[in-house]
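Values quoted throughout were computed directly from the atomic coordinates according to the rules given, and no laboratory measurement underlies them. Bear in mind the structure is a predicted one, so any value in this text is a computation, not a measurement. Neighbour counts run over all protein chains shown; Cβ positions are idealised from the backbone, glycine included.
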Amino acid sequence: MRSKFLFCAVCLLFWPLWSWGQSIVNTEHNLSVSGPGSTKATTESEVCIFCHTPHNSSPQAPLWNRKDPGQTYTLYSSSTIQAVPGQPDGSSILCLSCHDGTVALGDVLSRASVIEFNNGVTTMPAGPAHIGTNLSDDHPVSFVYDNSLAAADGELADPANLNAEVRLENGKVQCTSCHDAHKDIYGDFLVASAQYSTLCGYCHQKTDWSSSAHNTSPATWNGSGSDPWFHTDFNSVAENACENCHNPHTAEGAERLTNYLVEESNCLNCHNGNVASGNIESALSKPYTHDVYSYDQIHDDAESKQVQTMHVECVDCHNPHKANSTAASAPNAGGPVLGARGIDTNGNPVENVQYEYELCYRCHAGSAGSPGSAITRQIEQNNTRLEFDLNNPSYHPVEGVGRNANVPSLITPYTENSVIYCTDCHASNDATDPAGPHGSIYPYILKFNYETADYTKESYQNYELCYQCHDRNAIINDTSTKFGKDVHRKHIVGEDAPCSTCHDPHGISSSQGTSQNNTHLINFNTSVVSSVQMGRLEFVDEGDFAGKCYLRCHGRVHKPKSYK
């Protein structure tokens, strides 16, 4: 017995030297009767005995005084992990002999009977410290962390250059890589501060993380709604950093260790106006949205860059490790979609979109189930990439400058050399909402009203979308040319024919249309316009402000009708 007391006395004498000035005596790992925590022994006065003993110890270092739990654990897995977690071994199995909740806290090898605890406690009480035997929702342990793993992942630190606080055990990550059971300087017995995700950053070195909004934003919670940082004590986005979205233990979203299983909940707990200034949650409540609520557990980080099974989640368009508020000019991708994946103009997958339209092409360029047009066109085409191709007879200038060098109706600052974004047309109808196509009161998530029903009365409100770029007065009141008077005013005002009767706003694929028949976005709405003369339905381009039509519309027959 004397040797045991001597052992503990020596431990406690030198512990401050080992632990940078803090003794285990003052932490919750002091389970003796003198311990400061609520869970402790009723009479046992020895401090170290709950883990160590100089005699009759387990064969496992360091003089371990506990039984191997003998459990088979459910291990962490995901579709993107390169590491190979094994059944817990080394120091991890030692930690789990208390923290998995299967062995009594007072069941030590050096005592003939189990040490009794207060309040009837036997095994680890319910709470954050009770890890359980299901480790699928915890940061993986007992895996080899070597150069091969770092190279395969691409965003892990070289194990040879790890910060001194992070220790590998025989080349493996174990519980002790992040936790030091003998000191609790930073909380949760962490070896370094979790504030600003300092500890996470020692191993995880995400590309462009240093400039991302989730690393730099000083935004704080305004106190409304639910606490977005329920498992931390930090007060801002930057301070929480990784833990804005992730929880290293008992995470609800096990596969990515996310705070919530429902994907969008990890974003909307801040992007609801209570932390981030913009309220995306509100925009998503509008009639027409990218409806993240309709899909659950379909998105996978390892999925194809072109979506195969139609769905939309926040992370389909935004990379939370890279996104920031950096502005850009069309067609370049701005900071909010930095690091998102997409499809380029040739149909090739890209890991990091360079242009905004590449992100849209992820779903709208040939993916099965992507939404088509509500208008029945003479030439049907639902692949937006083909509609915007620069080789087409006509297109709105999204990928590059348009083909028409003479568009007198354009409003400053737009010119024939302008390039626009998809989101210049598809975005929230409310200027106070966050930018982007989250939700709108108008169909197809349009930023402004665009009526397409036949016999629509012309007004600024009905064609507000078109009139953002094209001067209404020039369109309907231009009498300087017979073309201007006869074509637009006659049809839009005189016949109540909407713009969409003749014009297809995206463009006409070069594989389907021609430069003679489909310039000026001409692609007739066949529910309004029908053919004449043995099926002839076409517009013939005859140069600037000149052309003729063969068609039947509103009971009138053009065979042809010329405009010059």
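Classify the range 303-407: rounded, prolate or oblate, from the alpha-carbon gyration tensor (a ≥ b ≥ c, eigenvalue square roots; a/c under 1.5 rounded; otherwise prolate if a/b is larger than b/c)?
Here the range 303-407 falls in the oblate category.
Once the cut-off is 16 Å, how many percent of the Cα-Cα pairs in the range 485-559 end up in the long-distance tail?
50
For Lys305, Lys183, which order do you get if you count the other beta carbons within 10 Å of each Cβ and list the fewest first?
Going from least to most buried by this count: Lys305, Lys183.
Answer rounded, prolate or oblate for the range 32-79, using the Cα gyration tensor with square roots of eigenvalues a ≥ b ≥ c: rounded when a/c is under 1.5, else prolate when a/b is larger than b/c, else oblate.
It comes out oblate by the Cα gyration axes.
Can you tell me, using C-alpha contacts under 8 Å and at least 6 residues apart, the relative contact order of the range 478-564 as a whole percent?
24
I'm spelling it out carefully: the read-out is semi-axes √(5λ) of the Cα gyration tensor in Å, the candidates are (i) 68, 21, 19; (ii) 33, 27, 22; (iii) 38, 31, 22, and one was derived from this structure. Which label?
So the calculated entry is the one marked (i).
If one takes the longest principal axis of the Cα atoms in the chain, at what angle in degrees, from 0 to 90 and to the nearest 10, does the Cα axis of helix 90-99 lie?
Relative to the chain, helix 90-99 is tipped by roughly 90 degrees.
Using the number of other C-beta atoms within 10 angstrom as an exposure proxy, rank His179, His99 with the fewest first.
Ascending Cβ contact count within 10 Å gives the list His179, His99.
Tell me, how many Å apart are the Cα centres for the range 104-125 and for the range 184-252?
If we compute the Cα centre of each part, the gap is 35 Å.
Can you list the lysines whose alpha carbon is less than 24 Å from that of Lys286, not counting same-chain residues fewer than 8 positions off?
Lys447
Restricting attention to the range 329-438, which GluC sites (Glu not before Pro) occupy a DSSP loop and are surrounded by at most 15 other Cβ atoms within 10 Å?
Filter output for the range 329-438: Glu351, Glu380, Glu416.
Could you work out the helix-only [θ] at 222 nm for the chain, with each DSSP H run of four or more residues adding -39,500 (n - 2.57) and the total divided by the number of residues, to the nearest 500 deg cm²/dmol?
Calculated from helices alone, the mean residue ellipticity at 222 nm is -3500 deg cm²/dmol.
Could you pull the Cα extents of the range 266-353 along its three principal axes, largest to smallest, in whole Å?
For the range 266-353, the Cα spread along each principal axis is 39, 31, 25 Å.
Give the relative contact order (percent, whole number) for the chain; include only Cα pairs under 8 Å separated by 6+ residues. Mind showing how you got there, number by number?
Details: 1101 pairs, mean separation 44.5, N = 564.
It comes to 8 percent, rounded to a whole number.
Can you bin the range 100-246 into rounded, prolate or oblate? Criterion: square roots of the alpha carbon gyration tensor eigenvalues sorted a ≥ b ≥ c, rounded for a/c under 1.5, prolate for a/b above b/c, oblate for the rest.
Oblate shape, in that a/c is at least 1.5 and b/c is the bigger or equal ratio.
Using Cβ contacts closer than 10 Å as the measure, can you line up Ser409, Ser325 from fewest to most?
Ser325, Ser409
Lys206: which lysines have alpha carbons under 19 Å from its alpha carbon, excluding same-chain residues fewer than 8 sequence positions away?
Qualifying lysines at Cα under 19 Å: Lys322.
Tell me which lysines have Cα within less than 26 Å of Lys548's Cα, excluding those fewer than 8 residues away on the same chain?
The qualifying lysines are Lys457, Lys482, Lys485, Lys490, Lys559, Lys561, Lys564.
So what's the gap between the Cα centers of the range 370-419 and the range 303-356, to the nearest angstrom?
Answer, in whole Å: 21.
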